[in-house]
Every structure is written in structure tokens, then in C-alpha cells.
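Enquirer: Before anything else, here's the structure in question.
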Amino acid sequence: MIKEMVCVVCPVSCRMKVDVNAAGDIFVSGNKCKRGVVYAEKELTNPTRNVSTTVRIEQGVHSRLPVKSDVEVPKALVLDLVKALDNVLVTAPIKMGSVVAENVLDSGINFIATRSM
Amino acid sequence: MGGILQQCIHSGFGVEMFKEDLTGPEYAERYIEKMQLAGLEFRTNSLVTELHEDRTLVYTNPIEGYVEVQGKAVILTMGCFERTPGQINLYGDRPAGIMTAGTAQSFLNKDGFLVGKRVFILGSGDIGLIMARRMTLEGAEVLGVAELNPYSSGLARNIVQCLDDFDIPLYLSHTVIQVIGSSRLESIIIAEVDEQKQPIPGTEKTFEVDTLLLSVGLIPDRHLTAQAGIKLHPRTGGPIVNNRYETNVPGIFAAGNGLHVHDLVDWVSLEGERAGESAARYVQGELTDAELISTEPGNGIIYVVPHYVLKQVDEDVRFYFRVDNVYKNVKVNIYKDDELLKSLKKNVMVPAEMEMIKVANQDILDASRVRIEVEVL
Amino acid sequence: MYDVIIIGSGVVGALHARELSKYPLSILVLEKNNDVSMEATLANSAVVHSGHDPKPGSLKAKFNLLGNRMYRQLSKELHVPLLECGGLVVATSPEEEQVLDGLFERAGVNGLLENEYQMLTREEALILEPNLSDQVSKAMSLPTTAVTFPWEMAIAGLENAINNGAQLLMNHEVTDITRSEHGFVVHAGGDVFEAKAIINSAGAYSAHISEMLHPKFFTITPRRGEYFVTDNRFPIVQTVVYPAPGKKGKGILATPMVHGNTLLGPTSNFVDFDAQHQTTPEGLNEVRNNITKTIKHVPFDKIIRSFAGSRPTADAGDFIIEETSPGFVNLGGIESPGLTAAPAIAKYVVEELVIPRFSVLPKSDFDPIRKKRVKMHELTINERNEHIKDNAKYGHIVCRCETVTEADLDAIHRPVRARSHGRDQTAYRAGAGRCQGAFCSLEVLKILSRELNIDPIDVEYKPRSFVLAAKTKGAQ
Ligand SMILES: Cc1cc2nc3c(=O)[nH]c(=O)nc-3n(C[C@H](O)[C@H](O)[C@H](O)COP(=O)(O)OP(=O)(O)OC[C@H]3O[C@@H](n4cnc5c(N)ncnc54)[C@H](O)[C@@H]3O)c2cc1C
Ligand SMILES: Cc1cc2nc3c(=O)[nH]c(=O)nc-3n(C[C@H](O)[C@H](O)[C@H](O)COP(=O)(O)OP(=O)(O)OC[C@H]3O[C@@H](n4cnc5c(N)ncnc54)[C@H](O)[C@@H]3O)c2cc1C
Ligand code: SF4
């Protein structure tokens, strides 16, 4: 069965053809780099996404600090994780890259600051 | 510092420049650090209010007040602004709850202000798509996206991860025909459009929403150009430049979204580097004049940047262009006068995605025109 | 107990308040909206008409001409910009030339002086306005035609009145009026006021107010006009261009605005009250199709906004300016040329109808001047920096399209307080430029919240509507 798929790993958005044979082997074409293959395989088995959102910050130039998940998150967990960040409140100054929420919902996933503020 | 990147907290930046998938603020911070390391002087909170042909400009901030300075060279990187509800034909009242997607993005991502709870989005530009996801993540309900064209104007990846992931419908060939509500938006009516983009009677659908976000195109900010006598290009909306990114006014250069609207920040950086280098050479007196080779959009191409190439030995030229429609199975041909210079096969080309082709400078030096064309196979 | 209550804070109510504040009287203006002048005075052509075209003998004809002659002085005293650009009524066919001849005669009958209206050939007209269409064959020049800044005029008039002792209450919709021993009892916004006299300047709702006290004797039907506004960096005309008038009034004009934008419109259609401010495909197409008859180059790609406003048209067709029962002055059907006529109506009503009841003499300490606000763009760099030294907020530009500084936003603290986000577009022109607030609205919101000392969530956009719906991350 051939499936058409758009690789979302980077903005190049390669349009890929993904073929799965009877033995379950996956053949990918149309990708510009190897990450496309990895993406296609995951998308068929356990789709994951990068999550970026914000947390509350005090004494910063803005009242929200942008953060992202340090690893890709299983699709089904995305909304719960973002909701769980409601409880996080940090205070400026914060360096880009520092962890602002650890092991959120026991998922092993951390959220890190994506700017200094 | 960082411009629009500071509000683009999603990832997808820097794949080409850093071979990493960064968020907007992270990408910006890398360059801010570089700038600080290099010890460059900068001013924040400072708005340039005037620019003149002799490269003098006036800026103002609360600390210094109005200051006039003359640059040996000036680079314009003012970014772009969004087309507004007023620029498209939005019929009905003018209630609260109608704004551009980028405005809602700055409200949400910088200060955590949600501008509405039930949202519809007009236009499938990237900012709109990304806001569909952001608003959903923050607890709003996004009821749909309507796009006038039969194809999306945003990147395919954003359709997948911002709409499909959340089951938000995309209505292609649809537009909002009326907004209802006098104090606050109460509902909108959308309809399908025919090939002339006219609403088809009987296809109306009503959505009860308190917010309508617009993502209907970006226009280079050309606020300062008229005074300085800088010529603009009718299709890009930004200045006309040569392969050094120099405008018709000597010593004034332009790059980034203020030159033409980009979808990849990496290419903005490349342009900026090239414009910066040219400006430095200009200041050193290293830039010499030469005859111009014009670049022309042929069949299927909306515009080509740069608009001119100087007839002199220089770095290879990167031609940036956009196609005017969705094309499958095509060749992109580059003609030097009428001779075919280069040809590239493409499976899919869409207007939402800027294309780039690199051409060796010495290959075109004897031409008077370079034309880029789409050939349907 | 007030001496006079004025209902409505449009340009008519505002200038009545100012005129009354010349006398030692207690004056209260009641406005239903959360801001002043958000109705007809907000959405109109802004033209100070010369008085050439109302029906001879009508109140419109009388007060239009008188009002036109008061505008220069008034604009100076209140520091409201006035663009003395003149006007041209153009003919594009032999039939229209005939209409023009008729209009020429009417201008004379209406009392315009000889140098206030002239017939021009196409060539002569082109000198005044190079952008006339090729069909224009003849034109009538109206040099006393000017353009004002309507809501600024109303705000300035009210501010001046307040400085001279008048009071203003917004969010006070008048819901009932009864007679009492001493005059009237007025119910508004949950409060009760008493007054010896009432001026009903409620615009489209004036008939409704009148009926609180009298049997119905006039009806108001909103007559909607739709417009385009173009970017102020690309002026289209330098003078007001009127087509030859037809059945539907003055027709679709091209009007230069005091801030450089051009207004194209209005249409003219009777509508329901709830459709007063709605733009429609039909209306805007009508503007598009008609404007090119008189104007040669119309850059439709430079349109930054469309809007609609409605004229409060009375069934009788003329203005109603009458003391309909002792102490109660009805101002009904003040449609175009109401903006022009407003100062003259106010002078007449105050001097002839109201003051005789009170038999008072003008105050000696009335100050006709409303202080000029600092306009940074009119100053040299050195002058600007003097202001910034005093107040750093002048160096902080909030709206880059219209260069509105944080200090300009002090309108929040002026006598006529601007409290709503929607209003920043009108009072300060922040957000009135080509980006229509995309860049500055977050900052304006924060400034409003800080200066009004309220939570951002509570910042209003329009009456009863808010900018924000919620804060994220469970924040309160
Ligand atoms: C919503 C959105 C999503 C995007 N997503 C991606 C993505 O996933 N991946 C990717 O690679 N790219 C993406 N892009 C594209 C990329 O981010 C932009 O094209 C790029 O950041 C533009 O940079 P710029 O410097 O040209 O303009 P801007 O970032 O807009 O910077 C212009 C700067 O100039 C300032 N300025 C303007 N006028 C004046 C003046 N008169 N005086 C002083 N300063 C002035 C502005 O305040 C601003 O700081 C996205 C863009 C947007 C809008
Ligand atoms: C499309 C159009 C074009 C025009 N062009 C011109 C022109 O070029 N030149 C010209 O001279 N004139 C023009 N006019 C006419 C001019 O705009 C009006 O005559 C003028 O603005 C009327 O002012 P007003 O104060 O009577 O009414 P409004 O400005 O409508 O003010 C009435 C006020 O009363 C308030 N109000 C209503 N009911 C109540 C209540 N129950 N309690 C408390 N407050 C209440 C309203 O909220 C409003 O603020 C035009 C009008 C329109 C609509
Ligand atoms: S395959 Fe590689 S280049 Fe193509 S979109 Fe995926 S990550 Fe980007």
C-alpha cells in the first residue's frame, strides 16, 4: 500500500511516498534527507511532535516565557502536557536552555526555556 | 531584538543555517549573541522615522530623543506587515474580535492574552495555521480555516501538524462573506467561491465565533523608502535590488522580509549576510559599477529576486522566486537571453513555498537578460 | 438640578455644550456609549460644505452657510485641523452640465457670495485638480469648501466646554424623561437627574427621545453611506470632488482628509437601525464603479479600510430645530450638512431658544481656547527633543504608521477621557495607519490598563465588548 505523506520535520515539507510491503518493511521516496524516513516510520507506528508553548514568568519584559519540550512528545500526550504547565511560574532572569519544568506528568519529558529573559 | 522571531515560539527555524530544528526565539538569540560578541553598537526601542537619499536617517527613543545620523551605508531590514481587515473586502460591522493572526500571536505568545475562545481563521497563511494550533493548545476552539484559493498559502507541514493533528477543517476555495455582531463578533458566514472568486449562492455556512483571525498575506514594510527615492517592485512590494542587494540609491541595501516576503528564516539570514557584506565593501570603496543584466519572471513565475545582476565577476547568484500556481511534474528552466542555461526537474511547486536556484556568476556574464520559466511536462 | 441637560455627545451636542458654557449655567451632557462621538460624527465625509446645494429656504440651506462661515474661527480656537482645500462639482455629460447650471443658480439663491462659486472649463478645473477623469467637461468651483476632523471637533468642543464648567457622563443612556414642577426628570444609566431645560441631540435616536415626552411627530430612518479609505502616503485628490448631484443627494465624492488619506464615498441607502454600520458588497461596488466617473487614477490597491455610517434622515427631509414644548429643544434629522451646520445651530438654539429662559449674561471668564496639543511631527528635531527632556514618553513611538507617541496617549487623562481600545484609533490615531493596529495594539492595551489602573482583561474595545477573552496558563 502506498501512502502519501508530508514530512513535517523541517519547513522544506518534502512530499513523500511511503510504501509498506507485506512483511512490514517501509520504503520511502521523495525525502530530501534521512530524517524523512525516520519520520515516516514513526508516523506509521507512534507519531510524535515537537511541543512549544509558554509558561508564566514574573519580572520579565513580557509575562510569558517561551518553552519547548526537550524531546518529541507522543501525539496523544500533547494537550495534557501543555495543560500541566499551568502550574509553572518562573522568575526572571532565566537563561535560554534552562529547564523550567522537569519530568512533566511523569512522562520523562522536560520543558526548557527557548529564550533568555 | 530578533523581530518577528520572538513571537514565533514554534520550531522549524535554522534547519539550513544550523542544521538544527530551533524555535524562533532560539534562532534569534544565536544571532543576538553573535552580535554582542562582535561588540556591535545597537539601539533598542528606537524607531527610524526618516531616511534620506544621502543615507542620513532620524531615529527616536525615550533616552536619546530624536537623533540624526548619516551612515556610510544603510541596510533596510524592516520586515513586513500583515494585510489588514480593511485591505480585503470584509463586509458587515466592525466589532471587537477581528484582527490579524500575527497580532493575536503577539498577544498570546508574549503576554499570555487569549483574544477569543471560539475562533475562525480566514486565509491559510503560515501565521494563521500556526495560530490555529497555538489557540487550540491554550484552550480555545478553532472551528475552521477558509482559503480563497484552491490551494493553501501556508507550508504543507503546517497543514499537517497545525490543522490535521487537531481535526480543524480547511475550506479551500471559500471566503468569509459577512461578519455579524456590532460590539463583539457573534458569527461569520462563509461561502464557496467560483473560478472568478465570486461567492456561489447556496453554499453559505454560518459559524458562531467570537474571533476572526486574518492570515491573508504579508507586505514588505516600505515606510521609509519613498522619502529616500528608493524604487519599489510592483510584485514583491519591496525595493528593486541587484545581486549585491543594493537598491537604486547607492549605499542603501535591503534584505529579508522588507525586500520580499520569505517563508524560511534561513534564507533571510543568507540574504542579510550578503547585503551586509556588500555594504561593508561599499564602505571600503570596493564596489564598482557595471552594466546590468535584468532578471525576468517567465511563464508561471511571479517574481525573481534579485531584479538585476551586475556584469562583473562576483559570487554565485542565488535567484529567489515564487510560482503563480500549483504545479506538478514540471521543469524549471533558466534562460540566458534565449539560450537554455539550466533546467531542474520538480515534482511539486506551490506558491506558498519560495524556490531558490543557484547559478554560477561567470555563466551569465555575457547575457543581457536572464529568464526563469516553468515548463509543464 | 442642572440648568440644561444635553442628550448625545456627537458634534451637535458637543458644540451646544460649548456654546452654553459661555454662560453661567450648570450643564450636563449624557452619552449612552463608553466614548463620545461614536455614531454619525464618527463616520461621515468630514466636508465643511459651502452651502451651495441644500434646497433654498430650508433650514439646511440657512445653517449650512452660517456654519461654513464659523468654521475657520472655531477650528483656530479649538485647535482642530481644517483643510481649506476647496471643492469642485464636476459634470461628465451634457445632461450633467445642465444640472450644474441649475446648481450654480441655486448657490446664488442660497446666499453664496460671487467669489464663493464659479463656473470653470475643464482646463481651468484641471489646474485645481489634476486627477479629474477624461469625461469631466465642466466644473463648478467652491473655494470655501473645507475638510475638518469631525470627532476631534466634537471632542475639542466638549473639552473646551468642560474646562468652562460643563460636565459629561458617558455610559449613561437616557431611558425616560418626565415633566416635573421645575422642569424635567431624566433617567439615564441607572441614575436620575433633574434639569430646567433639555436639548435632544441624540442623532439617529432623537425621535425616540422626543417620544418620551411628546406624541410622535417625526420619524428617523438611517440612510447608510459606505466608504473606502486609502493610505495617507498616496493622496488621490487635493480638493473635494463632487459628481453632479442626482436623486440620491450629493453622490460619491473623493475627499482629501486632514491626515492625508483620501475618502471615497458615500453611498446612500435607507437601512434598519442594526445595519447602520455594516459594509456590503453592493455598496462598496457602487463606490468602486462610480468614483472612476469623476476621478482618473484611483489606486484601489492603496485602500486600507472600508466603513459605513448612517445619516439620521427625518421624514420631512429638512433639519428639525424646534422648542417643541417649553424648555425642550428637539434637534431631529441633523443629517448632512449637519457637521457643517452644527456651530450655527448651536449658536441659534442657545441664543434664541435657551438663554431667554434663564435671562443670564455671558460669563466674563469664558476661555474660548482649547490648548493646543504637542504635535511632534510639526516640530524640528531640537524642539522635539525639548519635549522629550520634559517627558520621555514623547520619545517612545507606540504606533509607527502614524507616529503616535506614548505621550500622545495622554488623552486617557484629558477631560474627555478615552478609555476604550477602539477609541485609540480615533482619538490618538494609533492604529489608524496602514497596519491598522497590528503592531501597536498590544502596547496600547498595556498602556490603557496601566493608566486606567484596571486589569488588561477589563479594557474595553467598544461599548460592552472587550479586547481580550482570557489569560493563559490559568492566570487570573
Ligand atoms: C508566523 C511566522 C511563522 C514563520 N515560521 C517560520 C518557520 O517555521 N521556519 C522558518 O524558517 N521561517 C519562518 N518564518 C519566516 C521568518 O521567520 C521571517 O521571514 C524572518 O524572521 C524575517 O526576518 P526579518 O529580519 O526580515 O524581519 P522581522 O523579523 O520582521 O524584523 C524586522 C524588524 O525591523 C523593525 N523595524 C521595522 N521598521 C522599523 C523602523 N522604522 N525603525 C526601526 N526598526 C524597525 C521591526 O520592529 C522588527 O524588529 C515565519 C514567519 C512568520 C511571520
Ligand atoms: C455618511 C455620512 C456622510 C456625511 N457627510 C457629511 C459632510 O460631509 N458634511 C457635513 O456637514 N455633514 C455630513 N454628514 C452629517 C453629519 O455627520 C451629521 O449631521 C452629524 O455628525 C450629526 O451629529 P449629531 O451630534 O447630531 O449625531 P451623532 O454624532 O450621531 O451623535 C448622537 C449622539 O447621541 C447619543 N445618543 C443616542 N441616543 C442616546 C440616549 N438615549 N442617551 C444618551 N445618548 C444617546 C449617541 O450615542 C451619539 O453619541 C454626514 C453623515 C453621514 C452619515
Ligand atoms: S525529509 Fe528532510 S528535508 Fe525533507 S522535510 Fe523532512 S526533514 Fe526536511
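The values are calculated or read from the model by the stated rules, or taken from the named source; none is laboratory data. Since the structure is predicted, the reported quantities are computational estimates derived from the model, not experimental observations. No Cβ is skipped: glycine too gets one built from the backbone with ideal geometry, and neighbour counts run over all protein chains shown. Accessible surface is based on the protein model in full, side chains and every heavy atom, while ligands, DNA and RNA are left aside. Shrake-Rupley method; radii C 1.70, N 1.55, O 1.52, S 1.80 Å.
Enquirer: Before anything else, pin down the relative contact order of the stretch A:52-113: Cα pairs under 8 Å, at least 6 apart, normalised by residue count, whole percent. Intermediate values should be presented prior to the final figure.
Expert: Working: 102 pairs, mean separation 22.9, N = 62.
Relative contact order here is 37 percent.
Enquirer: Normalise the Cα radius of gyration of the stretch B:84-216 by 2.2 N^0.38 Å (N = residues in it) and let me know the number. Intermediate values should be presented prior to the final figure.
Expert: Details: Rg = 13.6 Å, N = 133, 2.2 N^0.38 = 14.1 Å.
Against the compact-globule rule of thumb, the ratio is 0.96.
Enquirer: Among B:59, B:24, B:155, flag the residue with its Cα farthest along the positive direction of the charge dipole of chain B, charges on Cβ as +1 for Lys/Arg and -1 for Asp/Glu.
Expert: Checked the options; the winner is B:155.
Enquirer: What ³J(HN,Hα) values, in whole Hz, does the Karplus curve 6.51 cos²θ - 1.76 cosθ + 1.60 give for the stretch A:8-15 when θ = phi - 60°, with x put for Gly and Pro?
Expert: Working through the residues one at a time gives 9, 5, 9, x, 4, 6, 4, 8 Hz.
Enquirer: Also, I was wondering about something else. Based on Cβ point charges of +1 for Lys and Arg and -1 for Asp and Glu, what charge dipole magnitude is obtained for the protein assembly as shown about its Cα centre, in debye rounded to the nearest 20?
Expert: Working: 101 positive and 122 negative charges, 97 e Å.
Computed about the Cα centre, the dipole is about 460 debye.
Enquirer: Once label points are set 7 Å from the Cα along Cα→Cβ at both residue B:189 and residue C:77, what is their separation, rounded to one decimal in nm?
Expert: Distance between label points: 4.9 nm.
Enquirer: Once you charge only the Cβ atoms, +1 for Lys and Arg and -1 for Asp and Glu, what is the size of the charge dipole of the stretch A:52-113 about its Cα centre, to the nearest 20 debye?
Expert: Details: 6 positive and 7 negative charges, 46 e Å.
It comes to approximately 220 debye.
Enquirer: Any idea which of C:242, A:57, C:56 is furthest toward the positive side of the dipole for the protein assembly as shown, if Lys and Arg beta-carbons carry +1 and Asp and Glu beta-carbons -1?
Expert: The Cα lying farthest towards the positive end belongs to A:57.
Enquirer: Identify all lysines with a Cα-Cα distance to residue C:22 below 19 Å; exclude those on the same chain that are fewer than 8 residues away in sequence.
Expert: Cα-Cα hits under 19 Å: C:76, C:196, C:347, C:363, C:371.
Enquirer: How high is the relative contact order of chain B, given as a whole-number percent (alpha carbon pairs under 8 Å, six or more residues apart)?
Expert: Relative contact order here is 14 percent.
Enquirer: Using protein heavy atoms only (no ligands, DNA or RNA), what is the total accessible area buried between B and C, 1.4 Å probe, nearest 100 Å²? Could the numbers behind the result be given before it?
Expert: Details: alone 18240 and 20600 Å², together 34830 Å².
The buried area between B and C, both sides summed, comes to about 4000 Å².
Enquirer: Counting only other chains, and only Cβ atoms inside 10 Å, what mean value do you get across the residues of A:4-10? Walk me through the numbers on the way to the answer.
Expert: Working: counts 0, 1, 8, 3, 11, 5, 13.
What the average comes to for A:4-10 is 6.
Enquirer: Per-residue HN-Hα couplings for the stretch B:320-336, Karplus 6.51 cos²θ - 1.76 cosθ + 1.60 at θ = phi - 60°, whole Hz, x for Gly and Pro?
Expert: 9, 7, 10, 8, 9, 6, 7, 10, 10, 6, 10, 10, 9, 10, 10, 9, 9
Enquirer: Computed on protein heavy atoms with a 1.4 Å probe, what is the summed buried accessible area for the chain pair B and A, in Å² to the nearest 100? Show your work: numbers first, answer last.
Expert: Working: alone 18240 and 7540 Å², together 23050 Å².
What B and A bury together is about 2700 Å².
Enquirer: Something else: Quick check: net charge around residue A:117, other residues with Cβ under 13 Å of its Cβ, Lys/Arg +1 and Asp/Glu -1? Don't skip to the end; give the middle numbers.
Expert: Numbers: positive: A:56, A:64, A:95, A:115, B:110; negative: A:58, B:26, B:29, B:111.
So the surrounding residues net to +1.
Enquirer: Given a Förster distance of 51 angstrom, what is the FRET efficiency for residue C:377 paired with residue B:316, based on the Cβ-Cβ distance and rounded to 0.05? Working shown, then result.
Expert: Values: r = 45 Å, r/R0 = 0.89.
Result of the calculation: an efficiency of 0.65.
Enquirer: Next question. Which FRET efficiency value, to the nearest 0.05, do you get for residue C:450 and residue B:41 by plugging their Cβ-Cβ distance into 1/(1 + (r/R0)^6) with R0 = 35 Å?
Expert: After rounding, the FRET efficiency stands at 0.70.
Enquirer: Would you mind telling me the share, in percent, of accessible area of chain C contributed by carbon and sulfur at probe 1.4 angstrom?
Expert: 51 percent
Enquirer: Turning to a different aspect of this structure: How much net charge surrounds residue B:116 when only the other residues with a Cβ under 14 Å from the Cβ of residue B:116 are counted, with Lys and Arg +1 and Asp and Glu -1? Walk me through the numbers before you get to the answer.
Expert: On the way: positive: B:117, B:118, B:134, B:184, C:471; negative: B:138, B:141, B:186, B:208, B:210.
Spelling it out: positives minus negatives among the neighbours equals 0.
Enquirer: Residues of the stretch B:99-123 that become at least 30 Å² less accessible with every protein chain present than in their own chain isolated, using 1.4 Å: which are they?
Expert: Buried-area filter returns B:103, B:107, B:110, B:111, B:112, B:113, B:114, B:117.
Enquirer: On to the next question. Given the pairs C:216/C:247; C:372/C:393; B:19/B:110; C:138/C:293, which span a C-alpha to C-alpha distance of over 25 angstrom in this model? Could you put the intermediate results ahead of the total?
Expert: Numbers: C:216/C:247 28 Å; C:372/C:393 18 Å; B:19/B:110 27 Å; C:138/C:293 13 Å.
In this structure, C:216/C:247; B:19/B:110 lie more than 25 Å apart at Cα.
Enquirer: Additional query: Taking the Cβ-Cβ separation of residue B:204 and residue C:234 as r and a Förster radius of 41 Å, what is the calculated FRET efficiency to the nearest 0.05?
Expert: Working: r = 35 Å, r/R0 = 0.86.
According to the calculation, E is roughly 0.70.
Enquirer: Considering only protein heavy atoms and a probe of 1.4 Å, how much of the accessible area of chain B is carbon and sulfur, as a whole percent?
Expert: On the way: 7340 of 14900 Å².
Percent of accessible area from carbon and sulfur atoms in chain B: 49.
Enquirer: Determine the dipole magnitude for the stretch C:61-111: charges of +1 sit on the beta-carbon of Lys and Arg, -1 on that of Asp and Glu, nothing else is charged, the reference point is the Cα centre, and the result goes in debye to the nearest 20.
Expert: Values: 5 positive and 7 negative charges, 96 e Å.
Once rounded to the nearest 20, the dipole reads 460 debye.
Enquirer: If the cut-off is 25 Å between C-alpha atoms, which lysines fall inside it for residue B:117, apart from same-chain ones fewer than 8 positions away?
Expert: Straight-distance partners of residue B:117: A:68, A:75, A:83, B:205, C:446, C:462, C:471, C:473.
Enquirer: Something else now. Considering amide H positions built from the backbone, and no H for Pro or chain starts, which residues 5 or more places from residue C:198, or on another chain, come under 5 Å of its amide H?
Expert: Here C:5, C:328, C:329 satisfy the definition.
Enquirer: Taking the Cα centre of the protein assembly as shown as the origin and placing charges on Cβ (Lys, Arg +1; Asp, Glu -1), which of B:294, B:78, C:442 is farthest toward the positive end of the dipole?
Expert: Checked the options; the winner is C:442.
Enquirer: While we're looking at this one, here's another question. Just tell me how shielded B:157-166 is by partners: mean number of partner chain Cβ atoms within 10 Å of each residue's Cβ, no decimals.
Expert: Details: counts 9, 4, 3, 6, 6, 1, 0, 2, 5, 2.
Taking the mean over all residues of the peptide, I get 4.
Enquirer: Find the accessible area per residue for the protein assembly as shown; the probe is 1.4 Å, ligands and nucleic acids are left out, and the unit is Å². Mind showing how you got there, number by number?
Expert: Working: 39280 Å² over 970 residues.
Value returned for the protein assembly as shown: 40 Å² of accessible area per residue.
Enquirer: Quantify, in whole percent, the carbon and sulfur part of the accessible surface of the stretch A:52-113 (1.4 Å probe; protein heavy atoms only). Each step should come with its number before you reach the end.
Expert: Working: 1520 of 2970 Å².
Carbon and sulfur together cover 51 percent of it.
Enquirer: Here's a follow-up. Please list, or write none, the lysines whose alpha carbon is within less than 20 Å of the alpha carbon of residue B:328, excluding same-chain residues fewer than 8 places away.
Expert: Correct list for residue B:328: A:3, A:17, A:32, B:342, B:345, B:346.
Enquirer: Here's a follow-up. With Cβ to Cβ distances under 11 Å as the rule, what net charge do the other residues near residue C:223 carry (K, R +1; D, E -1)?
Expert: Summing Lys and Arg as +1 and Asp and Glu as -1 gives +2.
Enquirer: For n ≥ 4 DSSP H runs only, could you compute -39500 (n - 2.57) per run for the protein assembly as shown, divide by its residues and tell me the 222 nm figure to the nearest 500? Mind dumping the intermediate values first?
Expert: Details: 19 runs with 208 residues, N = 970.
Value at 222 nm, helices only, nearest 500: -6500 deg cm²/dmol.
Enquirer: Order of C:314-322, C:374-382 by packing, highest average Cβ count within 10 Å first?
Expert: Working: C:314-322: 17.1, C:374-382: 12.6.
With the highest mean Cβ count within 10 Å placed first, the list reads C:314-322, C:374-382.
Enquirer: Convert 20 °C to kelvin, take the viscosity as 1.002 mPa s, use the Kirkwood radius over C-alpha pairs of the stretch B:290-377 as Rh, and evaluate the Stokes-Einstein diffusion coefficient in µm²/s, rounded to a whole number.
Expert: My calculation gives 165 µm²/s for D.
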